[in-house]
Structure formats: C-alpha cells, structure tokens
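A.B. asks: Before I ask anything, let me first share the structure, which is written out below as structure tokens.
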Amino acid sequence: MRTLDTVNFSNKKVLIRVDFNVPLDENKRVTDHTRIKAAKPTIDKVLADGGSCLLMTHFGRPKGVDDKLSLRHIVSEIQKVLGVDIQFSKHTIGPEAQAQARSLQPGQVMLLENLRFYDEETKGDEQFANALSTLADCYINDAFGTAHRAHASTTIVAQFFPKEKYFGYLLAQEIDAIDRVMSTGEKPVLAVLGGAKVSSKITIIENILDKVDHLIIGGGMSFTFAKAKGGQIGNSICEDDKLELALSILRSAKEKGVQIHLPTDVVAGDQFSNEANQQIFPIDQIPDGWEGMDAGPETVAAFREVVLQSKTILWNGPLGVFEFSHFSQGTIALGEAISASTKNGAFSLVGGGDSVAAVKQFNMENEVSYVSTGGGAMLESLEGKTLPGIAAILV
Ligand code: AMP
C-alpha cells in the first residue's frame, strides 16, 4: 500500500476526499467532530510538506442545491477543529472554483461546496469527476465512510490521477485494522457479532468463519440460534425463516474448527421498555410473556473469558438493547472485557453502526485499539467485498 509518508507534496495542489458528513443540532452546531478530527493528520501532512489542500465532501442528502445543506454553515467549526484558516468555495466545479484553486498558495486550505448538490456525484459521472480533477495535481482519498460507494469523488475521480493517487492516513488505518482481523492479526482471533438480526449479518458470519478462531454470537440474533436448537425463547426477537440457516452456520463452524459461543442465560423483560420487570432465565427456557433483552451474568462471565484469551478482536453489534439503560449491562461488560484484553496487548477493532455508538456512549473509545469511522463501508469489508474507493487507488 502506497502511504503518504513516501510522498512529498511540496507546491502541489491536493484534492482530498474527506468525510465531513457530520451530525448537526437544530442550531446548526456540529454535535460530533470525530470525522473532522479524523482527517486532520492527512491535511497536516500536506500542509507541512508545503502543499495546499482542496477538501471535498458530501453533506446530508440534498436533492439539488439546498442552502440548508451548504457547507458554509460549518466552515467555522471545521476551522476550529483543524486549526487552520479555510477558504470556502461556493462552487464545487467550474471556472470560479478553478480560479480560486489556482490562487491557492502553499499552506492554504480550500473547501468546496457540497458535492451532492450535483446528481452527478452519486451517479459516478465521469465528466463531473474530470471537472473535479482539473482543480488539483494529486488526489487523496481519506473518506472511509463512503469508500463502499462508486461515486465521482470517491472512486471515479481517481482515474484522472493515474500516478498521483493515494490513501490518506485515515483510510490506510481503516484498511490496516480490517486486515489485522481478516488475515494478519495474532491468533486467537475472535469476532463478537451482536445486534438485532441474523439476516443483516449473515454474509459477515459466512465470510468470517474462514478467518476467526472464536465467534461470539450475542444480542437479538442469538434467539434465532436458541430456537433452532430446540429452545423456548418466549417473546424474544426471532427470525423464524432463518432457523435452518442458524443450524447450518453451527455445522459449518464445526467443520472449520471455529468455536462458537452463544449466550446461556439472559436478562428478560416482561415488555419492551426500560421500565420492564426483569428476570434472568436460561436462554432456552424463557417463558411466554418474557423477552430476552440483555446477556445474563453467566453469559457475561463466559464471554469475558473468551475475550481475555483472544489476541485479535473484532466487535460488531451490541449484546442487548443497550439503548435502555436497564438492559445495557451486558454490552458495557463486553466493552470492559475488550478494554482489559486490549490493555493486555490484544488488538481490538470496533466497527459498524451500533457497537460504535455503544462504545462512544459508554466512553470506551480510548480503551480499544481502533474505532472505525465507517458503518456501511466496514460492514461491506467484513463481508469480504472489495470497496470501490479502495480498488480505485490500487489499480
Ligand atoms: P444491528 O444494527 O443489527 O447491530 O442491531 C443493533 C440493535 O440491536 C440495537 O438497536 C439493539 O437494541 C438491538 N438488540 C440487541 N439485542 C436485542 C434483543 N435482545 N432484543 C431486541 N433488540 C436487540
């Protein structure tokens, strides 16, 4: 992989695809700066070399030009987080954007208006990508969150920089983290998959069975497995059309020598609410009127042991309905176990949607080795797909 450290950007204008699609509150204040902070090392590198940066990003899902989704609203916050002045270009492409790009001096940063004001962006239009490419000398993709999309700025534009296209530091880190879980990490390798449904994780499970030594299946998904094995799961969430699939996953794991760990007990509620009455049951003996909403104490202790023995850990999906504080203990305990294992030298990657939300909510971001910035992109990587944004840099 060609990293930025092998390149000097002195006097180069560098078009950088970042992901500044940040959440805003009703006063248009950015509520989570993670994505902006994540792009800083790449921007700093280009500036330190004596190059200039042309930042481009999408922001929300506008249909055509929509002032509410103009990046001008967040320029001052981006400046603060990056610690540099930013020249905002009201135009994404065209003569005005070109003139502004031409006048950019080494050490300066310019931000182009929202890429998605143009339909051409998501369509992966070549002319639009070409117009973007005329603004700069080199291209860096540092937007992992959109690397699974073959959009103009994430994929198509790369072809116009056949010798001058690079992975930014963030993208390189994400690729490295996934590689460690999928192939290069120290054994034993463990994947913890939780969340609501088997159906949304099935491709990941199938792909990952060839890569891991241990697989913990927790959360809502585990009830489909418990029922498939003949258990009584009460009112717990279950996909009845996936029972056969669950059994075939268990068989396939056995053939491949992967140890699967399923919950043995659950904290159940008598209704789907934080205020529900709680009782602990074996996972295969949940009475009607009760539904499993969190991992039970025996399960938490067993999962902790597996986590502590593992040297490479992937965590995707919560062990229970962690949004309800009374049913969040299993998910918190798992996070604590991963944190302890990480302190003992394991590599831990948390990625894909809700487990990232959980880690942030419980302030465990700094306790794990790496928290992915990409939801869909991470899930597709774990499914074994080659992301178009990554492939475009490699060809
Ligand atoms: P996913 O997006 O597939 O990772 O699923 C995350 C969601 O699964 C979260 O919103 C959790 O509340 C939900 N979840 C986890 N465990 C359970 C459970 N036992 N019953 C219902 N929902 C669950």
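A.B. asks: Round to the nearest 0.05 the FRET efficiency obtained for Ala48 and Gln278 when R0 = 45 Å and r is the Cβ-Cβ distance. Display every interim value, and only then the final one.
C.D. replies: Working: r = 55 Å, r/R0 = 1.22.
FRET efficiency, Ala48 to Gln278: 0.25.
A.B. asks: Using the alpha-carbon atoms, what tilt in degrees (0 to 90, nearest 10) does helix 329-343 show relative to the longest principal axis of the chain?
C.D. replies: Helix 329-343 sits at roughly 60 degrees to that axis.
A.B. asks: For Gly375, list long-range residues whose amide hydrogen, built 1.01 Å from N in the peptide plane, is under 5 Å from its own amide hydrogen.
C.D. replies: Counting only residues 5 or more places away or on other chains, the set is Gly353.
A.B. asks: For a quick check, take a GNM of the chain with Cα springs below 10 Å and name the residue from Lys211, Lys201, Lys343 with the largest mean-square fluctuation.
C.D. replies: Answer for the Gaussian network model of the chain: Lys343.
A.B. asks: Of Lys123/Lys360; Lys37/Lys343; Lys37/Lys360; Lys90/Lys123, which ones are farther than 26 Å apart at the Cα?
C.D. replies: Lys123/Lys360
A.B. asks: Name the long-range amide H neighbours of Gln108: under 5 Å, sequence gap of 5 or more, or other chain; modelled H, no Pro or chain starts.
C.D. replies: Cys53
A.B. asks: Rounded to whole Hz and in sequence order, give me ³J(HN,Hα) for segment 156-165 from the Karplus expression 6.51 cos²θ - 1.76 cosθ + 1.60, θ = phi - 60°, writing x for Gly and Pro.
C.D. replies: Karplus-based 3J(HN,Hα) across segment 156-165 equals 5, 4, 4, 5, 7, 10, x, 10, 10, 10 Hz.
A.B. asks: Still on this model: Give the residue list of GluC sites (Glu not before Pro) in segment 112-174 that are DSSP loop and have at most 13 other beta-carbon atoms within 10 angstrom.
C.D. replies: Numbers: sites: Glu113, Glu120, Glu121, Glu126, Glu164, Glu174; in loops: Glu113, Glu164.
Filter output for segment 112-174: empty list.
A.B. asks: Something else: Take the alpha-carbon centre of segment 142-203, take the same for segment 291-339, and report the distance between them in whole Å.
C.D. replies: Comparing the Cα centres of segment 142-203 and segment 291-339, I get a distance of 25 Å.
A.B. asks: Please list, in order along segment 317-325, the HN-Hα scalar couplings obtained from phi with the Karplus expression 6.51 cos²θ - 1.76 cosθ + 1.60 (θ = phi - 60°), rounded to whole Hz, x for Gly and Pro.
C.D. replies: Karplus-based 3J(HN,Hα) across segment 317-325 equals x, x, 8, x, 7, 5, 5, 8, 4 Hz.
A.B. asks: I need the GluC sites (Glu not before Pro) found in segment 267-320, filtered to DSSP loop residues with at most 11 other beta carbons within 10 Å of theirs.
C.D. replies: Working: sites: Glu275, Glu291, Glu298, Glu305; in loops: Glu275.
Those that pass, being in a loop and sparsely packed, are Glu275.
A.B. asks: Please compute the modelled spin-label separation between Asp270 and Asn207, points set 7 Å along Cα→Cβ, answer in nm with one decimal.
C.D. replies: According to this spin-label approximation, the distance is 4.4 nm.
A.B. asks: Could you give the distance between the Cα centres of segment 88-105 and segment 1-71, to the whole Å?
C.D. replies: Segment 88-105 and segment 1-71 have Cα centres spaced 16 Å from each other.
A.B. asks: Give me the distance in nm between label points sitting 7 Å out from Cα along the Cα-to-Cβ direction at Leu247 and Arg61, one decimal.
C.D. replies: Spacing of the two 7 Å Cα→Cβ label points: 3.9 nm.
A.B. asks: Could you give each residue of segment 229-244 its phi-based ³J(HN,Hα) in whole Hz, using Karplus coefficients 6.51, -1.76, 1.60 with θ = phi - 60°, and x for Gly or Pro?
C.D. replies: Each residue's phi maps through the Karplus curve to give 7, x, x, 9, 10, x, 8, 4, 4, 7, 10, 5, 7, 10, 5, 5 Hz.
A.B. asks: Under a crude label model (7 Å from the Cα following the beta-carbon direction), how far is Lys37 from Glu96 in nanometres?
C.D. replies: 3.5 nm
A.B. asks: Report the antiparallel proportion of the DSSP beta bridges in the chain as a percent, rounded to a multiple of 5.
C.D. replies: Working: 10 of 49 bridges.
About 20 percent, rounded to the nearest 5.
A.B. asks: Right, another one. Using a Förster distance of 30 Å, how high is the FRET efficiency between Gln79 and Asp119, based on the Cβ-Cβ distance and rounded to 0.05?
C.D. replies: On the way: r = 29 Å, r/R0 = 0.97.
The pair Gln79/Asp119 has a calculated efficiency of 0.55.
A.B. asks: Just flag the trypsin sites (Lys or Arg not before Pro) in segment 111-180 sitting in loop per DSSP whose Cβ has no more than 14 other Cβ atoms within 10 Å.
C.D. replies: Numbers: sites: Arg116, Lys123, Arg149, Lys163, Lys165, Arg180; in loops: Arg149, Lys163.
Here the trypsin sites (Lys or Arg not before Pro) that fit, given the DSSP loop and packing criteria, are Lys163.
A.B. asks: Would you mind checking which residues have amide H under 5 Å from Phe281's amide H? H placed 1.01 Å from N; only 5 or more apart, or other chain.
C.D. replies: Result for Phe281 returns Val266, Ala268.
A.B. asks: By counting other Cβ atoms within 10 Å of each Cβ, how are Trp315, Trp290 ranked from fewest to most?
C.D. replies: On the way: Trp315 30, Trp290 21.
Ascending number of Cβ neighbours within 10 Å: Trp290, Trp315.
A.B. asks: Which of the aspartates and glutamates could a cross-linker bridge to Lys28, judged by Cα under 17 Å and excluding same-chain residues fewer than eight apart?
C.D. replies: Of all the aspartates and glutamates, those that pass the test against Lys28 - Cα under 17 Å, at least 8 places apart if same chain - are Asp66, Asp67, Glu77, Glu113.
A.B. asks: By counting other Cβ atoms within 10 Å of each Cβ, how are Met110, Met221 ranked from fewest to most? Present the calculation step by step, with values, prior to reporting the outcome.
C.D. replies: Values: Met110 22, Met221 27.
Lowest to highest Cβ neighbour count: Met110, Met221.
A.B. asks: For the chain, set up a GNM with springs between Cα atoms under 10 Å and report which of Ser199, Ser89, Ser325 has the largest fluctuation.
C.D. replies: Among Ser199, Ser89, Ser325, the largest mean-square fluctuation in the Gaussian network model of the chain belongs to Ser325.
A.B. asks: Springs between alpha-carbon pairs under 10 angstrom, Gaussian network model over the chain: which of Leu24, Leu262, Leu69 fluctuates most?
C.D. replies: Evaluated over the chain, the most mobile residue of the options is Leu24.
A.B. asks: Follow-up question, since we're still on this one. Sorted from fewest to most neighbouring beta carbons within 10 Å, what does the list Cys53, Cys238 look like? Kindly include the intermediate steps, with their values, before the conclusion.
C.D. replies: Working: Cys53 30, Cys238 24.
If I rank by nearby Cβ atoms, fewest first, I get Cys238, Cys53.
A.B. asks: Here's something else I'd like to know. Between Leu394 and Gln309, 0.36 nm times their residue separation minus their Cα-Cα distance comes to what? Working shown, then result.
C.D. replies: Details: separation 85, 0.36 × 85 = 30.60 nm, distance 3.56 nm.
Result: 27.0 nm gained on full extension.
A.B. asks: Sticking with this structure for a sec: Nearest 500 deg cm²/dmol is fine: what mean residue ellipticity at 222 nm does the chain get from its DSSP H runs of n ≥ 4 alone, each adding -39,500 (n - 2.57), divided by its residue count?
C.D. replies: Values: 14 runs with 134 residues, N = 395.
Calculated at 222 nm, the ellipticity per residue is -10000 deg cm²/dmol.
Bear in mind these aren't lab numbers, they're just calculated from the coordinates by the rules spelled out. Here the structure is a predicted model, which is why all the values come from computation and not from measurement. Note that each Cβ is placed from the backbone with ideal geometry, even for glycine, and that neighbours are counted across all protein chains shown.
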